[in-house]
Each structure stands twice: as C-alpha cells, then as structure tokens.
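The values are calculated or read from the model by the stated rules, or taken from the named source; none is laboratory data. Fair warning: this is a prediction, and the values are worked out from it, not measured in the lab. For neighbour counting, all protein chains shown are included, and Cβ atoms are generated from backbone atoms with ideal geometry for every residue, glycine included.
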Amino acid sequence: MDFKQLRAFLTVVDTGSVSRAAVLLNLVQPAVSRQLKMLETDLGVTLFERGRKGMQLTASGQTLAEHARRVLNEIERAREDVKPTRAGLHGTVTVGVLPSTADLLASALVGAVADRHPGILLRISMGYAGHLRQWVEQGEVDVGLLYEPHRLAEDRTQPLVEEALWVVGLPTTALDFDAPISLHDVARHPLILPNAPHGLRTLVDHASASTGIRLNVVAETNAMGVQKALVIGGLGITILPASAVVEDVARRALVAAPLTEPVLTRRIVIATPPNRLPSPTVQAVKTVLEECMRLAVQRGDWPAARWLGM
C-alpha cells in the first residue's frame with residue numbers, strides 16, 4: 001500500500017468511475033485499474049462492486065476510505081507545515097462549527113481570514129456536537145467548536161461563550177423576550193426537540209427529570225433546519241440557543257422567550273485535535289475565530305451570550 005494507490009483509490013471513490021478518475025489523475029485508465037488491483041491484492045479484500053451503476057464501495061472499501069482520507073490529509077498537512085513561510089501563512093484549515101453558530105460566524109470568519117491571511121484556504125464543516133467531537137478526536141478537523149464536554153481527555157479545549165437557551169415559537173404563541181417562560185409552562189405545549197444524544201436534548205432531558213416535569217415531545221429531528229421548519233409549520237414550539245434563531249426573530253418569522261425555572265445554559269469551547277500541536281496556520285485561524293466570536297458577543301449580534309475567553 002502506498003500513497004499513489006491510496007490517491008487513486010479515493011479519486012475513484014469520489015468520481016465513481018475509473019475513467020473519470022484517470023482524467024483527474026492525468027493517467028491512462030489501465031494504470032488506475034492496476035493501482036486498485038494492487039491495493040486489493042495487498043489487502044486481500046474486494047474494495048469495489050463493479051456494475052452498471054459504477055464503482056460501489058464494499059464494506060471493506062468504506063472502511064479503507066475513511067482511513068485513507070485521514071492519512072492523505074495528514075500527509076498534506078505535513079507538506080504545508082514544512083514549506084518555507086517567507087511568503088506568509090498558507091495551507092488548508094478545516095473548521096468544524098455547530099449548526100446554531102454557522103450563520104453567525106461562517107461569513108465573518110471566511111472574510112477575516114481572507115483579509116489577514118490570503119494564503120489560507122478555509123474548509124467549513126458543520127455538524128452536531130457529537131459529530132464534531134469525533135472529528136476533533138480523529139483529527140478530521142483542525143479547529144472545532146463543541147459544547148463543553150463532561151470529559152474530553154487530552155483534547156486542548158478552551159471555554160469561550162456561555163449562552164442561554166430560548167423557548168421558540170410562532171408569533172401566535174405570544175412568547176416575549178421580556179417575559180421568561182418556565183419549563184412547567186413549556187410542558188403545556190407540543191414540543192419539537194433534537195434527537196438524543198444531541199447536547200441540547202441532554203440538557204432538556206436532565207432538566208425535565210430533575211424537576212419531575214413531563215414534556216409533550218411530539219417530534220424529534222437531527223437537523224436544526226427541520227426543527228425550525230416544524231415550528232414555522234405550526235406543529236409545536238422548541239428550545240434552541242439564541243444564536244440559532246436571532247435572524248428568524250429579527251424578521252418576526254419566530255418569537256422567543258428566555259427559559260427559566262430552571263435556567264438552561266450551554267458553554268461553547270474551541271478545541272484542537274489531541275494528537276498534534278496546531279501548526280502556525282491552524283493557530284492563526286483559531287485566533288481569528290476566537291476574535292469573531294468575541295466581537296459577535298460584544299456587538300450584541302449574539303444575544304443572551306456571555307464571553308468567557310481571555
């Protein structure tokens with residue numbers, strides 16, 4: 001198994017075709033087929049099912065693809081880290097953001113990095129906290145925003161923002177930011193929540209159990225967009241961090257009130273992979289991301305949030 005074989009393998013995975021992969025790799029088709037055959041022989045497994053629908057990964061192929069991407073990403077990071085830096089910082093940095101923070105931070109981050117470090121290419125990956133934690137642990141993202149974990153051994157993390165959760169509904173629900181609503185009153189409404197074990201769902205379930213309040217959950221989803229769409233469709237109310245609905249509230253598509261009795265908050269931390277030190281390029285992006293978050297809080301663009309960073 002070598003670098004060329006893994007590169008050919010992943011190109012076929014991404015294109016679904018040996019012929020299209022050959023064009024991208026600037027190789028003749030038999031050369032790509034030979035690389036795949038050598039890889040399968042070396043591993044003793046079949047990597048693709050070859051049929052009318054193209055090259056379909058087998059279970060073994062899927063497992064190899066996951067490992068191969070990490071290997072090639074590490075090789076690319078190593079190449080970028082050892083290049084001369086006289087021309088300024090350069091390279092690709094992958095940033096993982098929570099769905100609730102993506103709209104608030106992505107544009108500001110991309111703009112600030114392009115202005116200060118034009119040699120850096122950003123990749124923005126969005127995922128729920130559980131996925132982001134896994135991506136950080138496996139080194140698939142260089143910088144990630146997570147909910148503060150109870151235990152994240154060896155990860156380098158720093159709390160940055162604490163934000164309160166809001167109860168969110170249609171304007172007809174008469175929710176008002178100046179009139180906090182208790183969890184007891186929330187229980188009188190049909191409720192739409194994220195699937196367990198989403199971090200926000202864990203907070204709400206714990207509050208429900210500790211207060212003895214039985215919530216009327218009518219729908220669950222693993223997509224925040226669907227969660228808000230169900231509320232807009234009049235199927236219930238929901239609980240979300242302020243950052244997730246600030247634009248919806250501003251245009252009166254939704255209204256919100258602070259959750260009280262109990263007050264629920266979440267902390268957002270910034271994390272880097274535990275198995276490597278951040279390169280100067282990654283550290284530069286991390287610094288810009290922290291500044292974007294601080295400014296969003298200080299300007300009031302991130303309501304119900306408190307800055308925890310230095």
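Some values worked out for this structure:
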| read-out | value |
| --- | --- |
| Test for L43: is it buried (at least 19 other Cβ atoms within 10 Å of the Cβ) and either modelled with pLDDT of 85 or more or in contact with a Phe, Trp or Tyr (Cβ under 9 Å, 6 or more places away or on another chain) (or both) | no |
| Hits in segment 168-183 - residues which are loosely packed, with under 12 Cβ neighbours inside 10 Å and not polar (S, T, N, Q) | P171, A174, D178, A179 |
| Which numbered condition R50 misses (of (1) on the phi > 0 side of the Ramachandran plot; (2) assigned to a strand (DSSP E or B)) | (1) |
| R251 being basic (K, R) and in contact with a Leu (Cβ under 8 Å, 6 or more places away or on another chain) | no |
| For Q227: the one exception among (1) free of Cβ contacts under 8 Å to residues at least 40 places away in the same chain; (2) out of contact with any strand residue (DSSP E or B) (no Cβ under 6 Å at 6 or more places or on another chain); (3) more than 17 Å from V143 (Cβ to Cβ); (4) part of a helix (DSSP H, G or I) | (2) |
| Conditions (1) closer than 29 Å to G144 by Cβ; (2) over 23 Å from the mean Cα position of the chain (by Cα); number of the one not met by T260 | (1) |
| From the options A250, A244, A256, residue that is under 17 Å from W166 (Cα atoms) and in contact with a Ser or Thr (Cβ under 6 Å, 6 or more places away or on another chain) | A244 |
| 3 or more residues modelled with pLDDT under 95: qualifying strands (runs of 3 or more DSSP E) within segment 105-217 | 120-126, 143-147, 156-169 |
| Single unsatisfied condition, I213 versus (1) touching a helix residue (DSSP H, G or I) at 6+ places or on another chain (Cβ under 6 Å); (2) farther than 27 Å from D301 by Cβ; (3) buried (at least 18 other Cβ atoms within 10 Å of the Cβ) | (3) |
| The one condition in (1) within 21 Å of G139 (Cα to Cα); (2) in contact with a strand residue (DSSP E or B) (Cβ under 7 Å, 6 or more places away or on another chain); (3) exposed (fewer than 14 other Cβ atoms within 10 Å of the Cβ); (4) not β-branched (V, I, T) that R70 fails to fulfil | (2) |
| Single residue of L240, L235 found to be assigned to a strand (DSSP E or B), among the hydrophobic types (A, V, I, L, M, F, W, C) and closer than 18 Å to P171 by Cα | L240 |
| Residues located in segment 1-57, provided they are out of contact with any helix residue (DSSP H, G or I) (no Cβ under 8 Å at 6 or more places or on another chain) and of a type outside the set (D, E, K, R) | G16, S17, V23, N26, P30, T41, G44, G51, G54, Q56 |
| Meets criteria (touching a Phe, Trp or Tyr at 6+ places or on another chain (Cβ under 6 Å), in the same structural domain as L146 (by TED's automatic domain parsing) and either within 30 Å of A179 (Cβ to Cβ) or surrounded by 18 or more Cβ atoms within 10 Å (Cβ to Cβ) (or both)) for A271 | no |
| Hits in segment 243-283 - residues which are of a type in the set (G, A, S) and either assigned to a strand (DSSP E or B) or closer than 17 Å to A129 by Cβ (or both) | S243, A244, A256, A257, A271 |
| Qualifying residues in segment 284-310 (those that are among the charged types (D, E, K, R) and outside any helix (DSSP H, G or I)) - the one surrounded by the most Cβ atoms within 10 Å (Cβ to Cβ) | D301 |
